[in-house]
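The values are calculated or read from the model by the stated rules, or taken from the named source; none is laboratory data. Quantities reported herein were computed from a predicted structural model and do not represent experimental measurements. Every residue, glycine among them, receives a Cβ derived from its backbone with ideal geometry; neighbour counts consider all protein chains shown.
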Ligand SMILES: NC(=O)c1ccc[n+]([C@@H]2O[C@H](COP(=O)([O-])OP(=O)(O)OC[C@H]3O[C@@H](n4cnc5c(N)ncnc54)[C@H](OP(=O)(O)O)[C@@H]3O)[C@@H](O)[C@H]2O)c1
């Protein structure tokens, strides 16, 4: 597939590396134009482009940039993209920590619905509820007993199927998170968020998510992660995320 990736940080960069290694024709972009991504692109066997170059002729686009930046992308960025090409949003909203407050989201709008409105296109939400370390290091072949799951939400069955296949290809079990309107079930502070759960536990966690409860848990986790010290281990973070729901 021709895959355009906008944002090559912790998540987008790892996906670019894995998908290039898997044999896809990967084009990568950040905010600095093709020159700004040339070294990384060469390292992973991808093509350096700007954001428009990532979208042009793509079969799939992955958007993995800081949440509020999406609102600043050119409004016509996706105009030429085939309707059959899914746009994946990996984003999470972290108000007061990393992101400025966005009133609509604070009032409860589903994060990827907001993203979809910003870019004027349908979205498939995926790779948002797995930590960057897990994505890079803990992928396993299909059928492995310790395989971690990734939730995938969206409205178009065909687009969702394409993205679920990509999730599988990079080493994780895709779990259907329902339509985009239900993707609040995989946002920060929900029971399955960044817990390294397998598919069965992820499905259970998505079902058990309670409307309106996640923001308070997310904010509580801001405090608790600070208490873990300057460089918490991955296991510590996963244990903390899991324990945030132990009273449910
Ligand atoms: N880190 C995690 O564990 C994790 C897990 C799941 C989901 N997420 C979510 O996934 C998203 C990306 O996270 P991340 O940790 O990968 O972020 P990151 O490491 O900070 O990388 C962000 C990338 O976005 C690029 N970017 C910024 N502004 C841009 C613009 N206007 N146009 C094009 N590219 C731009 C940056 O490039 P420049 O160098 O040019 O700024 C950088 O390559 C966030 O919403 C995050 O919440 C993160």
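Mind checking which residues of the range 2-15 are more than 10 Å from the ligand (Cβ to nearest atom), buried (at least 17 other Cβ atoms within 10 Å of the Cβ) and over 15 Å from residue 50 (Cβ atoms)?
Passing the criteria: only 3.
For the range 86-138, how many residues are in contact with a strand residue (DSSP E or B) (Cβ under 8 Å, 6 or more places away or on another chain) and in a loop (DSSP other than H, G, I, E, B)?
13
Within the range 218-237, which residues are within 16 Å of the ligand (Cβ to nearest atom) and either over 21 Å from residue 91 (Cα atoms) or within 20 Å of the chain's Cα centre (by Cα) (or both)?
218, 219, 221, 222, 228, 231, 232, 233, 234, 235, 236, 237
In the set 36, 45, which member is away from the ligand (no atom under 14 Å from the Cβ), over 30 Å from residue 104 (Cβ atoms) and surrounded by fewer than 22 Cβ atoms within 10 Å (Cβ to Cβ)?
Residue meeting the stated conditions: 45.
For the range 139-195, how many residues are touching a residue at least 40 places away in the same chain (Cβ under 8 Å), farther than 25 Å from residue 106 by Cα and assigned to a helix (DSSP H, G or I)?
Total satisfying the criteria: 8.
Residues in the range 59-84 that are without any contact (Cβ under 8 Å) to a residue 40 or more places away in the chain and more than 8 Å from the ligand (Cβ to nearest atom): how many?
Number of matching residues: 7.
In the range 67-85, what count of residues is obtained for those that are in a loop (DSSP other than H, G, I, E, B) and at pLDDT below 95? Before you say what the answer is, go through the steps one by one.
Of the residues in the range 67-85, the ones in a loop (DSSP other than H, G, I, E, B) are 73-85.
Checking the rest, the ones that are also at pLDDT below 95 come to 75, 80.
Summing the residues that are in a loop (DSSP other than H, G, I, E, B) and at pLDDT below 95 in the range 67-85 gives 2.
Within the range 16-33, which residues are within 12 Å of the ligand (Cβ to nearest atom), assigned to a loop (DSSP other than H, G, I, E, B) and out of contact with any helix residue (DSSP H, G or I) (no Cβ under 7 Å at 6 or more places or on another chain)?
Step one: filter the range 16-33 for residues within 12 Å of the ligand (Cβ to nearest atom), giving 16, 28-33.
Applying the additional criterion that residues be assigned to a loop (DSSP other than H, G, I, E, B) yields 30-32.
If the condition is that a residue be within 12 Å of the ligand (Cβ to nearest atom), assigned to a loop (DSSP other than H, G, I, E, B) and out of contact with any helix residue (DSSP H, G or I) (no Cβ under 7 Å at 6 or more places or on another chain), then 31, 32 are the ones that fit.
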